[in-house]
Structures are given as C-alpha cells and as structure tokens.
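Have a look at the structure below before the remarks.
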Amino acid sequence: MRVAVDDERCRGHGLCLTICPTVFGMSDDGYAEVLVDEVPAEYAAGVREAAGNCPERAISVTG
C-alpha cells in the first residue's frame, strides 16, 4: 500500500498524524507529510482511517 498527501489540499489539521503517527508527520511548514515509502501492513487500517477522516480529502491511498 502507498499513501500520498496532496499539498494543494492539505490545510494542516493534523488528524492524520493523530490517527497514524508512524506513517504521517508534519512538515516544518505545518502541513501533513508521509514518512514511509510503503505502508507496513499493520498500519493499513490506520492509514485508511486517516484518509477517511481528512477534512480536506487530501490523502490518497493506492494498493
């Protein structure tokens, strides 16, 4: 599974980081960023939850 954050849509709410801090972090500019290239299987549910709860729908999940 791969995950990406659309820099144009993210507004830095930080819900993704709260839900799945192993996969998501915050950049120095205060926006979400993905910390891993491939999401480990044990974090897949958290990534999907983060994507579903993003107020800006800035998170995309593939695979």
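Matching residues to (1) modelled with pLDDT of 95 or more; (2) open to solvent by less than 60 Å² (accessible area, probe 1.4 Å); (3) among the polar types (S, T, N, Q); (4) out of contact with any Asp or Glu (no Cβ under 8 Å at 6 or more places or on another chain):
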site: VAL23; (1), (2), (3), (4): yes, yes, no, yes
site: TYR31; (1), (2), (3), (4): yes, no, no, no
site: VAL39; (1), (2), (3), (4): yes, yes, no, yes
site: VAL47; (1), (2), (3), (4): yes, yes, no, yes
site: GLY52; (1), (2), (3), (4): yes, yes, no, yes
site: GLY63; (1), (2), (3), (4): no, no, no, yes
From ALA50, ALA44, ALA58, ALA32, residue being more than 11 Å from ALA4 (Cβ to Cβ), touching a residue at least 12 places away in the same chain (Cβ under 8 Å), small (Gly, Ala, Ser) and in contact with a helix residue (DSSP H, G or I) (Cβ under 9 Å, 6 or more places away or on another chain): ALA50
Scan of the range 5-63 for residues that are hydrophobic (A, V, I, L, M, F, W, C) and in a strand (DSSP E or B), ordered by number: VAL5, PHE24, MET26, ALA32, VAL34, ILE59, VAL61
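The values are calculated or read from the model by the stated rules, or taken from the named source; none is laboratory data. Just so we're clear, the structure is a prediction, and the values are computed from it rather than from any experiment. Here Cβ is always computed from backbone atoms with ideal geometry, including for glycine, and neighbour counts include all displayed protein chains. Areas reflect the complete protein model, heavy atoms only, side chains present, ligands, DNA and RNA absent. Shrake-Rupley method; radii C 1.70, N 1.55, O 1.52, S 1.80 Å.
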